[in-house]
Amino acid sequence: MVPRISSEQRKALDEHCGQPIFVVDPERQQRFALLSDKDDRVRDLLADTSDGSEWTAEKEARRSELIDKDIAGTISADERTELAILDRQGNEHYDRVAPRPMEGARRLHQQLLDRRAGQ
């Protein structure tokens, strides 16, 4: 799903000449950044992350290093983009080699529904 932006947000984007703008969700009390897909940081995140290579120990080590930098608050914007890409590649890899056991979750869900119906 791609949400639509309001005319107020579009005006702010135009005024900022493609630079990120920040919006606040008052219900969640969270800030979000709106970025143009022309922005290099966004283009990298939206691109296909599968580079054809396998998930390696080196990629996992680099991902761990970047997570440590992120926690320490010393990560750069380029490294944050790299971390997002590595996260995506790692998730894709683990989904392939060790998919989540959905059948067990479905059985448990059905058991809970049956119990509730029997009350």
Between a residue in the range 59-74 that is among the hydroxyl-bearing types (Ser, Thr, Tyr) and any residue that is part of a helix (DSSP H, G or I), which pairs come within a Cβ distance under 9 Å, given they are 6 or more apart or on different chains? 74/68
Need a quick list: helices (runs of 4 or more DSSP H) entirely within the range 35-119 having at least 3 residues that are modelled with pLDDT under 90 and not assigned by TED's automatic domain parsing to the domain that holds residue 13. 40-46, 77-97, 102-118
Could you identify the single residue in 84, 117, 98, 77 that is touching a helix residue (DSSP H, G or I) at 6+ places or on another chain (Cβ under 8 Å) and surrounded by fewer than 10 Cβ atoms within 10 Å (Cβ to Cβ)? 77
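The values are calculated or read from the model by the stated rules, or taken from the named source; none is laboratory data. Predicted, not measured: the structure shown is a model, and the values here were computed from it. Cβ: placed from backbone, ideal geometry, glycine included. Neighbour counts: every protein chain shown.
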